[in-house]
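The values are calculated or read from the model by the stated rules, or taken from the named source; none is laboratory data. Here the structure is a predicted model, which means the values were calculated and not measured. FYI the Cβ positions are ideal-geometry reconstructions off the backbone, even for glycines, and counts take in every protein chain you see.
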Amino acid sequence: MDTAFYAFMGLLFAAVIFMVEGAYIWWSSTRGAEAKRLERRLRLLSAGGHGGEQLSILKSRQLSDSPGIERLLLRVPRIHAFDRFLEQSGISWPVSRFLMYSLAAAVAGSMLGLLLLHLPFLIAFLCGLSALPIPLMIVLRARGKRFARMELQLPEAADLISRALRAGHAFPSALQMAGEEMPEPIGAEFRIAFDEINYGVSMSEALINLSTRVPLTDLRYLVIAVLIQRESGGNLAEILTSISQIIRERLKLLGRIQVLSAEGKLSAWILGLLPFCVGAVINLVNPKYMHIMFTDPIGPKLMGGAVVSMAIGVLWMRSIIRIRV
């Protein structure tokens, strides 16, 4: 009996070990860092390809986990362009999840106005509409930060490709080296371009897909330089070195301009948010004081005129402080 008990315990221990090992292997293959990296590369390839040479296995990605919503979204014009826009932000949201978050933000804004601020239904509905673009603002901010990181990494990537060409490597091998040695996010984009070339896509099509996925002016200059060099010849290493120097000088000038315009941006944020913050505080402290603004017939007209005037002022200040280099 003791032998049977010990054998049972040994088998139970082995079963637990195998179960833990199986769970770990399943998690690594489906939810691990390497699996997520491969999934992201496939999704970026599917979102960025436009040419007829794109392989069918990477041609499309799911817009939603639900087949019914997928079919409904496919009827929307230019939905794939919006899907590519989401991919460019680096946030792994499908289109359906983005729409769900937008609807949730609108409902939360309306409920906040009705239950906490005790606003009339129309004003609470307008609050919900104002909260609707919050997910879009998050995507835009993430997209801008991702592109800004790429812009800072691009000169170093151009120098790395130039050094690889000087060492005797072919241009696809130089792309592979840039993809492996450069950090994220620009390293992933170069790896995708190299993978497209390996999948049979032409060099020109892969570079055009790269500039489509990453619509940066500096990267387009680099792609155009490579395409022209392939047609007319020349020293590509010297061309890439010159482009990297130009990008560095432009980034230095842009940094100086951003420092000089920072005060104007801060003033625009303060002037734009101050009326809404003050109105919300007054409505919480003394609701009767703000109630006449919502009940009097001229109150909504005054608020509408104020919002329109503020929007014009914000756009004006934005045009003044936004200097393109």
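Scan the stretch 70-93 for residues that are under 21 Å from Ala131 (Cβ atoms) and either over 10 Å from the mean Cα position of the chain (by Cα) or assigned to a helix (DSSP H, G or I) (or both) and jot them down. Phe82, Phe85, Leu86 - these are the residues of the stretch 70-93 that are under 21 Å from Ala131 (Cβ atoms) and either over 10 Å from the mean Cα position of the chain (by Cα) or assigned to a helix (DSSP H, G or I) (or both). Of the residues making up the stretch 99-125, just one is modelled with pLDDT of 85 or more, in contact with a helix residue (DSSP H, G or I) (Cβ under 6 Å, 6 or more places away or on another chain) and not small (Gly, Ala, Ser), namely Tyr101.
Residues in the stretch 270-294 that are within 15 Å of Pro120 (Cα to Cα) and touching a residue at least 40 places away in the same chain (Cβ under 8 Å): Ala280, Asn283, Leu284, Pro287, Phe294. Being closer than 30 Å to Gly255 by Cα, at pLDDT 80 or above and not acidic (Asp, Glu): is that true of Met137 here? When the stated conditions are applied, Met137 passes them. Scanning the stretch 303-312 for residues that are of a type in the set (Ser, Thr, Tyr), at pLDDT 80 or above and more than 32 Å from the chain's Cα centre (by Cα) turns up nothing.
Restricting attention to the stretch 195-206, the residues being under 24 Å from Ser232 (Cβ atoms) and within 22 Å of the chain's Cα centre (by Cα) number 2. If you check Val107, Val139, Val76 for being buried (at least 18 other Cβ atoms within 10 Å of the Cβ) and not assigned by TED's automatic domain parsing to the domain that holds Phe190, only one passes: Val139. Would you point out which residue out of Ile208, Ile239, Ile257 is within 30 Å of Ile321 (Cβ to Cβ) and at pLDDT below 90? The conditions single out Ile257. Residue-level analysis places Arg213 outside the set of residues that are under 22 Å from Phe85 (Cα atoms), at pLDDT 90 or above and basic (Lys, Arg).
Residues in the stretch 160-215 that are surrounded by fewer than 15 Cβ atoms within 10 Å (Cβ to Cβ), among the polar types (S, T, N, Q) and in a helix (DSSP H, G or I): Asn198 alone.
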